Structure formats: C-alpha cells, structure tokens
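The values are calculated or read from the model by the stated rules, or taken from the named source; none is laboratory data. This structure is a prediction, so every number in the text was calculated from the model and none was measured. Glycine gets a Cβ as well: all are built from the backbone with ideal geometry, and neighbour counts include every protein chain shown. Surface accessibility is based on the protein's heavy atoms, side chains included, excluding ligands, DNA and RNA. Shrake-Rupley method; radii C 1.70, N 1.55, O 1.52, S 1.80 Å.
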Amino acid sequence: MPAVSQSKPAKLFISYASVDRELVARLVEFLRQQGWEVWWDRHLEAGEAFDRRIELELAAADCVIVVWSRASVASNWVLSEAMVGFESNRLVPVALDARLAIPLPFNRVHAASLADWTGTPDHPGLAETAQGVRVTLDNLGMRGTQGRETAAAQKPVLAVLPFDDLDAAGAARPVCAVVPTRLIAALGRFTA
C-alpha cells in the first residue's frame, strides 16, 4: 500500500500597518489555528533586505489578507501588497473600522468587518475572514489546507530573470522591480 503524503497547508500573507501590530498578532494566531501557514513581517531577520523578502513571500502566498485601518489606507507598502493580491484574485480584505473609506479599486472587494474586535476568538468577523480565505483557495483550485503539494508538483516552472534598470536614477519604484512581481502574480492565476 503506498504511503499517504501529507500536503502542506495553504500559505497566507498578511499586509497591515505597524500601528495595528498587536491586533494583527491575534489575527495571525487565529488563522494559524485554522491550519494555515501565515507569513507576516515579524519573520524578518536583522540585516535582511526586507523589500526583497516581502516580494518573495507575497509571490509565494496562496492568499493575501489585507488589514485595512486608518493607518494602512495611507501606507504605500500596504497599497502595493494589496494590489498584488487584487490583481491575482488572492485578496481577502479585513476592515478594522466600519466607517473606513477603503481606496479604489480595493473597495470593490467585500471586506470582513473586525470593526469592534478586541482580540477575542469568537468575533463573527473572524469566521467571515476564514470563509473568505477558504473561498479564495477553492477558486484557485485548492481545498482548504489540502492540495498545495499535489498542485505544485503538477505545475510547470517558469523563471523570471531580473530586468535591466531602464528608469531614471532614483525612480520611486523602478520598472525593473515592478514588472517581475506583477508577472509572477499574473502567472500565479493560471493552472497547469
């Protein structure tokens, strides 16, 4: 009888503003209890190039959870990470404020409400967030926490090599950095 292989849990990426870290830590704990692997910037090592690591983790994530708050809607990092999730249909937004104006185009995607959440594990917005993750994973061909290893074994591999920097010196976000990230996110939508 062949051995049954254990598939790896789906990988979630959390995007948030640092002022919300305490509440986000509780969200991370809740999501891990659901059986998912969660990456957030608390995994960065001292001396590590954080922008490169974030891009790699974002590209590898099966689902991008964006925690919208008054601080995160003004964060260029959060907006960039949300765009990757939005463009690849991997975005699951969560709102910490009921009256928050989520920026375009992200307001087109329903956000689970954690407006009055104090960190307790019984808040209905947590169940809504978990269901949003499950639906997103199902839409990508994954079933909950199963199927990652099998799907990965069947997918073709494509390498995206660095681009030459064609932008002016000191450009805020050079094309050579944006194109590979967006290409990887776009290709991640296709199945073999």
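If you check Leu58 against the conditions, is it crowded, with 21+ Cβ neighbours inside 10 Å and touching a Cys at 6+ places or on another chain (Cβ under 9 Å)? Against the criterion (crowded, with 21+ Cβ neighbours inside 10 Å and touching a Cys at 6+ places or on another chain (Cβ under 9 Å)), Leu58 does not qualify. For segment 61-79, the set of residues classified as buried (at least 18 other Cβ atoms within 10 Å of the Cβ) and farther than 26 Å from Asp138 by Cβ consists of Ser69, Ser72, Val73, listed by residue number. The test for being part of a helix (DSSP H, G or I) and polar (S, T, N, Q) holds for Asn107.
To keep it simple, each residue is scored yes or no on (1) in a helix (DSSP H, G or I); (2) at pLDDT 80 or above; (3) closer than 22 Å to Leu114 by Cα.
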position	(1), (2), (3)
Gly35	no, yes, yes
Val38	no, yes, yes
Arg53	yes, no, no
Leu58	yes, yes, no
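Against the test of being of a type in the set (D, E, K, R), under 20 Å from Asp20 (Cα atoms) and open to solvent by 70 Å² or more (accessible area, probe 1.4 Å), the options Asp97, Asp116 yield a single qualifying residue, Asp116.
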